[in-house]
Each structure stands twice: as C-alpha cells, then as structure tokens.
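Chemist: Provided herewith is a single structure, encoded as structure tokens, for subsequent inquiry.
The values are calculated or read from the model by the stated rules, or taken from the named source; none is laboratory data. This one's a predicted model, so the numbers in the text were calculated from it and none came from an experiment. Neighbour counts run over all protein chains shown; Cβ positions are idealised from the backbone, glycine included. Ligands, DNA and RNA are stripped out before the accessible areas are found, and what is left, the full protein with its side chains, is counted by its heavy atoms. Shrake-Rupley method; radii C 1.70, N 1.55, O 1.52, S 1.80 Å.
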Amino acid sequence: MKTAVIVFPASNCDRDIAVALEQATGTKPAMVWHGDTDLPDADFYALPGGFSYGDYLRAGAMAAKSPIMQAVIDKAKAGAPVIGVCNGFQVLCETGLLPGALMRNAGLDFVCRTVTLKIENNQSIFTRGFEKGAYVNFPVAHHDGNYYADDETLDRLEGEGRVALRYVDNPNGSARDIAGLINDSGNVMGLMPHPERVISPLLGGTDGAAFFKGLIEAVS
Amino acid sequence: MTAITPEIVAEHGLNADEYERIKAHMGREPNLVELGVFSVMWSEHCSYKSSRRHLKKLPTSAPWVVQGPGENAGVIDIGNDNDGVPLVAVFKMESHNHPSFIEPYQGAATGVGGIMRDVFTMGARPVANLNALRFGDWSHPKTRHLVGGVVAGIGGYGNCMGVPTVGGETNFHPGYNGNILVNAMTVGIAEKARIFYSAARGAGNPVVYVGSKTGRDGIHGATMASAEFDDASEEKRPTVQVGDPFTEKLLLEACLELMASDAIVAIQDMGAAGLTSSSVEMAAKGGGGFELDLDHVPQREENMTAYEMMLSESQERMLMVLKPGREDAARAIFEKWGVDFAVIGVTTDTGRLVIKHQGETVADMPVPPLADDAPNYDRPYEPQPKPAPLPDPALTYREAQAVLKSPGKSEEEMRTIAETLIADRLSDAELVEAVGMTLTPGEAKIYARSKPDGVKFDGFEEAARNLASSGVVETAEVEQREEQLSLAEAPGGDTMLTALAKLMAAPDLCSRRWIWEQYDHTVMGDTVIAPGGDAALIRVHGANRGLAVTTDVTPRYVKADPHEGGKQAVAETYRNICATGAAPLAITNCLNFGNPERPEVMAQFVGAVEGVAEACEALNYPVVSGNVSLYNETNGAAIPPTPAIGGVGVIEDVTKAVRVGGAEAGEELIAVGVTRGWLGQSLYLRELFGLEEGAPPPVDLELERKTGDLIRKLIDEGIVTACHDVADGGLLVAAAEMALSAGRGLNLTTPVKARKAAFWFGEDQGRYLLAAAPAAADTLLLKAAMAGVQASKIGRFGGPDLLLDDRDALSLLDLSDIFESALPDYMKSGAKETNSMAMAGEDIKKLILEALPDAEIELEDLAGDNDHWRARIVSSAFNGKSRVQQHQLVYRALKGRMGGELHALALETEAKE
C-alpha cells in the first residue's frame, strides 16, 4: 500500500497525517512538494491541514493553483482516491473537485474542540469501516469551516448520499451541518475535522485510527 | 549629519551620565546612527541595567541544564528518544506588554512570533506555546477589546505556525487597566548534538540575513518597552510591528533544514532592536567584530536610512554567520522555501561594529562596551514591612426591638403609629434586611435586623423614645443587640455552595474555554493533556516520555509580600507539573514590574527575585532563561508585581500521566497537605467581600518538595486516577473543578467543627486533591503517612450533584453552566461598557460628606481619567469599627456607584479619635 501526502509551504498537519497513514499501512507515505509537477504512483493521496500559502487571500485559493495540484486533479479525475482534511478540504473546493465553499466560521472566531459527527453514508470507500448512523469524535481546528453551497447543490448532495459526515452540534454554521463530503464518483472526500489527531487513546481517542484503517482496507 | 543635542539624547531614553559614558567609549561625539545603536543596546530591555545585579542571585545550574540564561533560550536534557538519540527541551518566556496594549492583535501575535524564533534559532522545533495574560477589570471599557484582540492575535500566529497553544493563565485586576501583560512562552525540542548558539567566532565568515524584508515598522520598540506609558502612548502605534506567521513558518522550516547540515557558525533571531542587537550580541559573544553593508539588506520600503535599518523591528528575520563557502548551498534552501537570503557582511577580528551604507562608513564603534559595559544600576529600594497575618474578618448584624404600649389605643391606632415609625426610620433597604411587627390592642412590637455591617438603629431608638416622651404612646422600651458572624465560619449570608457558585463565575476563576478554543491545541498530534487542567502535557514525538508545561504567578500574593509571592509562583508551577506525574526540571521567567527608579517598585522586584531564587534553590529547579519587563505603569500607577514563571518537567512514561478529570463514581477524594484555613489574600475574601488584605499564605519549601515527591510516586504507581493542585479559591473550588472535569458529582464532608469556610476557601499552599478507588485510597493514606505528609479523605465521587455534609446541594449541570458561561457572556455583552461613565471627584466628595459629614477627604485621580481614584478618609463615624465596616460605610455613601460610574477606588480609612 503506497500513500502520498502533498506538502504546501505552510501545511502544518502534513506530519500528523503521515503518522496516521503510516500507522494504518505500515509504510511511510511519500511527501510531495507543492512545487513539483509529477505525483509519485500511489494508491491514495492526502491534502493535509494547515495554511498552505498563508491563506491571507481565501483559504486554499492559492494552493489550488500550485504546480502539483494539476497533477492531483488529473489523478482524481482518473479515479485515484484523494482526501482533503481541513485546509485540504478548502483546497479541494477551490479546485472544483468538490462543490461549494468554506466561509469564515459563523461565530467569526477560530474554533478548536472535539466534535461529535454522525456517519451519514457508510457506502463510500472513506467511511466503509463504520456503521451507518454511527457517531465518531474528531477534533476540529479552523477559522474557515462554514460550508456553503446553494440549495439546489445541497439537495443534490443529500439526494445522492454524498454527505458523509454531519456535525451533531454544528461548530461553524455549516449548511445542513455538513462536516464532510464526497464527490460524484466517490473517490474524493473533503472534511473539516481532523481524524489524524485521534489515533491513540493517549491523544483522546481512536476514532481516527478506525477511520484510516477502514479507508486503507477499502482502497487496498 | 545631524548634530547631537541634549534633546536628541533624551529622546533616545539616555540620561546625561550615560551619554558621557558613550562619548568616552567612542573617544568622540557619536553620530545619530551610533547614538541609536547605543540607545537600544543600553535600553533597559536589552541591557537589564536595573535588574542584572539581582538576577545573579537566581540559581541556574543542575546536572540536566545544558544552557542557562544568556542565550536565545534555555536548554535542558530530557533523555533519549526511542531510537536512543539524546534530546533537549529549549524554552523561554518573553513579554510583549506595551505593543499589546497599543494594538492587541498585532502586539500579541508578534510576541508569539518572537518567542518562537528565540527557540528555533537554537535548532529546536517549537512543540508548545503558552501565554500568561493579565488584563484590567471586567468593568473597564477597554478590557473586552483587549482580551478579544490579544486572544485572536495569539491564535492567529500560533495556529498558522502549526504549534499547539496548550496552556497559560489569565487574570483580571484593575491594576492592569492601563497596562496589560502579554507574556508568551515557547517550548521546543532539539537533538542534544544539534544545538545552535549565537557566538560568532572566527573572522572572515559571511554574515547572512534571512527572512522578511526590512521596513520602517517597530523602530525603537526596545526603547518603548523601557518607558512608562502616558496618555500619548496610543500615538505610538507605528512602533508596533506587524506579524506574518506564513513567512515565519517558511523561515522555521528553512532554518531547520539548513541546521541539519553543519554550515552554520552562529545564528540569532532579530528581535527587539533588530539588526543592531543581533549583530552586536553575536560579535560580542564571539569576541570579534562585524562589518555590515546595509545596501545588501533586503528592504521593503524605499530610501530607508542607515538609522532606520539598524533600528527597525520588522518581524520574521534572522542573522546567521556561515562557514565560508557554504553560502550557495544555504541560499538554495532558503530559495526553495521562498525566503529572502542575503550576504550583508563579514565577521572581523577588530572588535568593532562597522556599518556602511551607500559607499560611506556610517558607524564605527567598539563592540564590547555596547554589549557588556551598559550601565549597571544599583537602584535604591525600601523593602515594605511584612504584612501581619489577617485576623479572621467578621460581619456584624444588628437587631433592634421596640415595644410601644398605650393601653387606651385600639389595634388600628397602634398600627398607624408603628407604620409611621417604620416608614420614617426603617425603610432604607440598603441598611435594613428585615422588619417585622406584631399588633395587639394597646401594644405594638417592632423588630428590625440590619444588613451585614449595617449602621446602628440609634435613629430608630431615639424616634421610638420620642413617641413616649411626647405622649403619643405611654411607654416605649427599646433594645439593641449585635451579632458577629466570622467570615472564617460562614460566607456571610451565603451557604458554602452558593458562595462557591459565585466564586466559580468570578473573572479570575471561571472557565477559560472561550480563550483556549481559539487556539489550535491539538495540532502536531502529541497533546496528551490539553488546556483547562493543571500543567499541559505534550508527548515527545518519537518517544514514550512527555513534557509537562505550565505558567503561574499570583500577583496579589506578590504585592502583599514580594518574597513569599516569588516563592509561591515557583512552587505553584512545581505543583502543577507534579500533579500530572511529571518531575519538575527547570523554569523560565518573565518578570513584569513598574518603574524601577521608584524605590517601592524596586523593592518589589528585589523581594520577588529573592523569593524565586529561594524556591528554585530549595526545589532544585533552576532558572535557565528569562526576561525582565520594567516600566509597566500608566501615569505613575504601577501594575501589581507579576513575576510570571514558566515551568517544564518530564514524565518518563506518558501513559502514566493523570489529569484533573478522570475520577469514577465510587472513588474517594483525598486532600493532601496541611489545611489551616489561610484567608489572607484569598479570592474568597476578595471576590465575595471586597477585601484584599493580610499576608499571603506562606510556602514551606521543604514540605512542598516532600509532598511533590509523594504525589509523583503515587501517580507512577498507578493508584491515583485524578489529581489537581489546590490553588486560587481553595479546596472547594479545586474539588468542584475535579467534579466538573470528570463529569461526576461529589459528596463532600467538612472534617472540621470550626472555621468551616476557612477550611473550604482558605488558600494554604502545598496541597493537592487526589482521586483513588476505595481500596487504593487506604494504601494511599498509608503511604502519605509514611512519607510524613498529611492526607485525609474528604469526599466520594458519584451522583449528579455537589453535596456538602448531606445537606447543601448544587447540581453539577448548574455549576457547569455558571462556570462555562461567565467569560463568553462577558465577551458577548456590551452592557458594562456603555454603562460606564467617569465620575468627577467633586461628586465623590459630596456623596461621602452627605453620609459622613465630618469626613476629611483626600482624593487622588490615579489614571487621570476620572475613573480610578485613591481616597483617604478620616471620620469619627469610623471610630470603633473594623476596616471592613469602615469601607462598607464609604461604599454605602457612594450609593451603588462603585462598579458603575466609578470603576476603581483604592480606599484608606482612619478613625478620627
């Protein structure tokens, strides 16, 4: 099982997700520099959290135009599994691989806390390890996690079962409590919460470890 | 070239003597650039000229200390990682007080950025940030704005850097209304074999500038940090720097990548006084000189002068000295990360700092006097007398009963007489708590009870007797009596638990969740104990061990007794670290005080430093880095003395650590340490009764160490399920915090018959609360007895409530709501801000004179804002009354304006005999 993590200049969860992927696969992921144009061959690609290029403009907007992202877009369109966590979710929305946008939190403040999420769809490769309707606890840590899309898009996403995770107690004002989304072909997922931060009882939980284990089993 | 006039010298914060010394060192008049360089190097901020001789008293060595004070940060051994590589922790705390008061977001953000640079300059990756914050009173109109800005600024910088902000502390007190404190601490981890220092040894090595371009921001920040505030300070906004955490993140990664090679001879962050202090300190430590050509400095603005470039405090910059020939390899790394890299000079063996600009030599000065011959003042100080322990304060209730008899009169007639008397003499609800009356034909009995410390019922007695002497009734018998209620016994009119609820909503005790949820505290995936407990605990990446980190100081203790307060600050960090199971190893500090040229402030400084030194010595807990911030005053009013201590400890096996929460139903609550019920300087007296009096609780350092050793042993043996140190608010607050954190109720039993409130709310030092399963609890008590440490069961976890002595109950949900909502509600509401209105001195005098006609009043406007007053009042109305009662008479005279129109009134009262 080969995995790869894209590293933008101010990614800051790149190490965290690499640790989680290594724990799930037994192999260190390839770390891919944003300035590269070619992706190594891998079974799974991850866009980590952080601030990519400082996010002084719109979160993820510049990263979406970075050299490596064209390669990621091509891979995703060819069906490779891609996940974007937090800033990675913002980047996926900015590239158009996922619909909608992530706006400033409704409360205007940065919010870091553990939230409870409901698994809405366990048919995707990303959530197959959970029962439908199960609850998991992941931390969130973001300033711009308020998911927005127009009603028609939201209806379509819900109708097609593409809302993978919903907040039980919405921390950021996201439309219809959406915490995580899947693209129409089911190989790209974006989520604001950080499963990679709960991979050991020592760190407050193991739901993230279960998430990556299920995911890796599904793509193997 | 500008001629140097005495005005220019004064503008640079230098006095005439200092200027003469500069001329002697130069052998001529300095030019403006040279004067500027001297002024920042000799500023209080860079030279510690008022504090140096006292800082020498601090113990700085232990077998595990790798680098003590004098470098960018302190370094201690923390053992090996799982691959056997020896690791060190690198840490320091620094103030950014003045900038944060002027521009809270950027001031706090750049404070965080600066302290992180101090740590990664030494080759360490920052792994934890902490912040010790002090703000003014909640009712002060600026407080809300400052809290919001500072918290957002800390989060804005640290969150982008991807370094978890895991701890700290926040206090509110009117003493900080005009001068807040923002002290930032960073802890990093490095390989012991790869620590980088600032001594630029060797001549002919390239001097390299990396990081952000230089602009005109922050010029003279170091001199600003060494001056008192006045009302014009807000005009100083352009001297506050603007932070760019993105660039700092790039700088961090690029520096660490270069540090993996052996290209670097020396490196130093450009912090306060920027290029000047970094080049002078590097040259001085290396025993050589620097020759710099400012034309090569990356510049953000056009036409910058040499003076501006040397004094700019633009952020996110570093100065390095490389081995010759390594420039290209280094440049490639910085270009990869998109960070400016410029060779701007060369090291020399001349011992001089030579600065060139546009082909001319604009400064040529000797390095050693700049760095090592700054003035070293022995400022006079007058130690304040040690305060006496506080006798238990008491409230006085008064009761009066009048029996009016007039056998010929009907019940209705008696009612009219009695009601008239009540309306005339007992209608003031602020003084009278209860009035009762019983009527029969020909007789009326009137009963009255005063509010605590209410005035005597003499007026009532006189009026009742007048009814008899004037013949309205035949006889009038009046009795008055007094009842004393000790505050050590009971919290006035409250029950123990209603008093607890009030305390848990107080600004200094309520939940700080609103603050720390704005900080990313889980990034890096190693946060074992997150904010909200005692010390935070970070796992060392790639190892089983962890670092416990905390910041503490109790300024009210330091103000009352600087020496004991200094000891207590160190002891509290020690206790917080022990409470997780970790062994305390070393501290950093940030010593915030007022103007050292005032002997009473200097006495606070010296007393606190000596107290810190005594505690560090006794606990084998040395100081490895630190920072002094003086001149924290506004218009002559100094802040409460605030020597913030940052402690670091190590636990060998993080899986053994315990938290504040974690107790299960059925487990015992055990109090460890001696509880005498020390009320002096307690939050109980301050928050509930407005008393900030007496001596602070003393710290027995020998017992502190013995108790700490025991606690760590018990945690290591796995027989403790939760642990919390007992601090502000005493046992009951600590117990409530454990219950809230565990989400379990608690059934408490008061083990004493007398001074019950003092037992629950006293702030005796050296205490912990532990939770343990019933079987383990007995073992625990035995082990404590063997160790010579007092311990006893005081409660049992379980149920939905806090229950005291099977009578008094408070639902945990209600308490949680009170505790959690206080700060967010305050931050949301604007009510207090708009209600506040200054009150003229004449109005205050008039109100006091109305109530106390013979009063002699001296009134002083402390902040020049009609808002913070000091009053000295002498009146015969105070004769025979306690201090509390005297103050209450004054507050009553002000008719509820305290806390409304009138923010702060420091009262001194005296009886007129």
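Chemist: Taking only pairs six or more apart or across chains, which ones have beta-carbon atoms under 6 Å, a first residue in region B:654-671 that is away from chain A (no Cβ under 14 Å), and a second residue that is part of a loop (DSSP other than H, G, I, E, B) and among the basic types (Lys, Arg)?
Modeler: B:663/B:744; B:665/B:744
Chemist: Where the second residue is modelled with pLDDT of 95 or more and the first is away from chain B (no Cβ under 13 Å) and lies in region A:203-218, which pairs have Cβ atoms under 6 Å and are six or more apart or on separate chains?
Modeler: Close Cβ pairs (under 6 Å, with a partner that is modelled with pLDDT of 95 or more) amount to A:207/A:136; A:207/A:137; A:207/A:198; A:211/A:195; A:213/A:24; A:216/A:24; A:216/A:25.
Chemist: In region B:466-486, what count of residues is obtained for those that are hydroxyl-bearing (Ser, Thr, Tyr) and assigned to a strand (DSSP E or B)? Full working, then the answer.
Modeler: Our first condition is that a residue be hydroxyl-bearing (Ser, Thr, Tyr); within region B:466-486, this holds for B:469-470, B:475, B:486.
After this cut, where a residue has to be assigned to a strand (DSSP E or B) as well, the list is B:475, B:486.
So the count comes out to 2.
Chemist: Note down all Cβ pairs under 6 Å where the first residue falls in region B:527-539 and is farther than 15 Å from residue B:186 by Cα and more than 10 Å from every other protein chain (Cβ to nearest Cβ), the second is assigned to a strand (DSSP E or B) and modelled with pLDDT of 95 or more, and they're at least six residues apart or on different chains.
Modeler: B:534/B:725
Chemist: Give just the number: which of (1) within 24 Å of residue B:645 (Cα to Cα); (2) open to solvent by 10 Å² or more (accessible area, probe 1.4 Å); (3) touching a helix residue (DSSP H, G or I) at 6+ places or on another chain (Cβ under 6 Å); (4) not basic (Lys, Arg) does residue B:535 not satisfy?
Modeler: Evaluating residue B:535 over (1) within 24 Å of residue B:645 (Cα to Cα); (2) open to solvent by 10 Å² or more (accessible area, probe 1.4 Å); (3) touching a helix residue (DSSP H, G or I) at 6+ places or on another chain (Cβ under 6 Å); (4) not basic (Lys, Arg) leaves (2) as the failure.
Chemist: Can you tell me which residue among B:347, B:305 is crowded, with 18+ Cβ neighbours inside 10 Å, in the same structural domain as residue B:43 (by the TED database) and of a type in the set (Ser, Thr, Tyr)?
Modeler: When all the criteria are applied, what remains is B:347.
Chemist: Count, please, the residues in region A:15-30 that happen to be open to solvent by 20 Å² or more (accessible area, probe 1.4 Å) and facing another protein chain (nearest Cβ under 9 Å).
Modeler: Total meeting the criteria: 2.
Chemist: Identify the residue in region A:40-71 that is in a loop (DSSP other than H, G, I, E, B) and touching a strand residue (DSSP E or B) at 6+ places or on another chain (Cβ under 6 Å) and, among all such residues, is farthest from the other protein chains (Cβ to nearest Cβ).
Modeler: Top of the filtered list is A:42.
Chemist: Any chance you could count how many residues in region B:445-465 are assigned to a helix (DSSP H, G or I) and either in the same structural domain as residue B:883 (by the TED database) or closer than 20 Å to residue B:429 by Cα (or both)?
Modeler: Selection size over region B:445-465: 7.
Chemist: Further question on the same structure: Looking only at region B:470-486, count every residue that is in contact (Cβ under 8 Å) with a residue 12 or more places away in the chain and open to solvent by 70 Å² or more (accessible area, probe 1.4 Å) and tell me the total.
Modeler: Number of matching residues: 7.
Chemist: As an exercise: evaluate residue B:520 against (1) among the acidic types (Asp, Glu); (2) away from chain A (no Cβ under 14 Å); (3) in contact with a Ser or Thr (Cβ under 9 Å, 6 or more places away or on another chain) and give the number of the one condition it does not meet.
Modeler: Only one criterion is unmet by residue B:520, namely (2).
Chemist: Looking for something open to solvent by 10 Å² or more (accessible area, probe 1.4 Å) and assigned to a strand (DSSP E or B) - is there at least one such residue anywhere in region B:563-583?
Modeler: Looking through region B:563-583, at least one residue is open to solvent by 10 Å² or more (accessible area, probe 1.4 Å) and assigned to a strand (DSSP E or B).
Chemist: Please verify whether region B:369-385 includes one or more residues that are touching a strand residue (DSSP E or B) at 6+ places or on another chain (Cβ under 8 Å) and assigned by the TED database to the domain that holds residue B:212.
Modeler: Yes, region B:369-385 has at least one match.
Chemist: Which count do you get for residues in region B:119-152 that are open to solvent by 10 Å² or more (accessible area, probe 1.4 Å) and part of a helix (DSSP H, G or I)?
Modeler: The number of residues fulfilling the criteria is 5.
Chemist: Consider residue A:74 carefully, then state whether it is over 20 Å from residue A:218 (Cβ atoms), part of a loop (DSSP other than H, G, I, E, B), open to solvent by 40 Å² or more (accessible area, probe 1.4 Å) and not aromatic (Phe, Trp, Tyr).
Modeler: It is false that residue A:74 is over 20 Å from residue A:218 (Cβ atoms), part of a loop (DSSP other than H, G, I, E, B), open to solvent by 40 Å² or more (accessible area, probe 1.4 Å) and not aromatic (Phe, Trp, Tyr).
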